[in-house]
Each structure stands twice: as C-alpha cells, then as structure tokens.
Amino acid sequence: MDSDAPVAWLFVQADAVPPAWQARSRPFAFVPLAAPEVAALLRDSGTPPEFDAGEARLLHLLARGRTASSIARELGISRSTVQRRAARLRDRLGSASLMDTALLLAQQGFAVSHEASPPAAGGASGA
C-alpha cells in the first residue's frame, strides 16, 4: 500500500492552502445551483433518479395528492417525518414544490400513478 496515497481530502479556499501543501493541491470548482438548474441537470442526464422503496412509496403517495397527515397514518410515522422526508426529496430533485417534483418524475419515467396490485379475485376462502 502506498503510504503517500490520500486517506482524506480537505476542501479549503485556494488562498488558505498552506505553502507545504500547495504542490499537491488540486483545483476544484464548486458552483452553487438554483433548484431549476438542478432539475434541468437531472432531466438532461438521461438517467432517471433512483429511489429506495421507502422514498418511492412516499413519492407515489405525494404524487397522488395525499396529505402529510394521511401518509403519516398509512406509513405509521409522524406528520413531521413525512414533511421532512418530502422536503429532502424535493431538494434532492431540485424541485420547488410537490407539483414540480411530480412533473420531473413523470419526465424521468418514474411511475407515480401506478397502484399496488389488487388482490386476486375471490380472495382467500375461509371454509
């Protein structure tokens, strides 16, 4: 193992790099993006965003117009947890509202309108 291999990266402004480290510093550009710019990057990337099962379920319920309170009851979590998770997903997608989120997901091919499969006809017999 190379003892000089980096084990961590320190992000500092260029003028704050100590002289002894300047020879091995790397130039980086950090560009702050507005929500519409993030949405455009996601839309133009050609790769739909990926969501775990919990995120997908929450997005599905939100896209169907369910309230935070009804989602909280259904998922067995608090209303504030629903709101916090929804805000995190909106931020991640770069959308300003739930409507923008649903539109972006539809453009990316994320199925927000599908329903869970209905039970088989006749159901289970109790006799």
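Can you pull out every residue in segment 1-29 that is modelled with pLDDT of 80 or more and either touching a Lys or Arg at 6+ places or on another chain (Cβ under 7 Å) or surrounded by 10 or more Cβ atoms within 10 Å (Cβ to Cβ) (or both)? Scanning segment 1-29 gives Val17, Trp21, Ser25.
Does segment 30-53 contain any residue that is among the β-branched types (Val, Ile, Thr), surrounded by 14 or more Cβ atoms within 10 Å (Cβ to Cβ) and free of Cβ contacts under 8 Å to residues at least 40 places away in the same chain? No, the conditions are met nowhere in segment 30-53.
Tell me whether segment 49-58 contains one or more residues that are modelled with pLDDT of 70 or more, under 23 Å from Thr101 (Cα atoms) and either basic (Lys, Arg) or over 15 Å from the mean Cα position of the chain (by Cα) (or both).
For segment 49-58, residues modelled with pLDDT of 70 or more, under 23 Å from Thr101 (Cα atoms) and either basic (Lys, Arg) or over 15 Å from the mean Cα position of the chain (by Cα) (or both): present.
From the list Arg57, Arg85, Arg73, the lone residue that is in a helix (DSSP H, G or I) and buried (at least 16 other Cβ atoms within 10 Å of the Cβ) is Arg85.
Name the residue, out of Ala20, Ala72, Ala87, Ala39, that is among the aliphatic types (A, V, I, L, M), over 14 Å from the mean Cα position of the chain (by Cα) and farther than 30 Å from Val7 by Cβ.
Details: Ala20 fails: farther than 30 Å from Val7 by Cβ; Ala87 fails: over 14 Å from the mean Cα position of the chain (by Cα); Ala39 fails: over 14 Å from the mean Cα position of the chain (by Cα).
Only one candidate passes the filter, namely Ala72.
The values are calculated or read from the model by the stated rules, or taken from the named source; none is laboratory data. As the structure is a computational prediction, the values presented were derived from the model and not from experiment. Because the Cβ atoms are built from the backbone with ideal geometry, glycine has one as well, and the counts that use them run over all protein chains shown.
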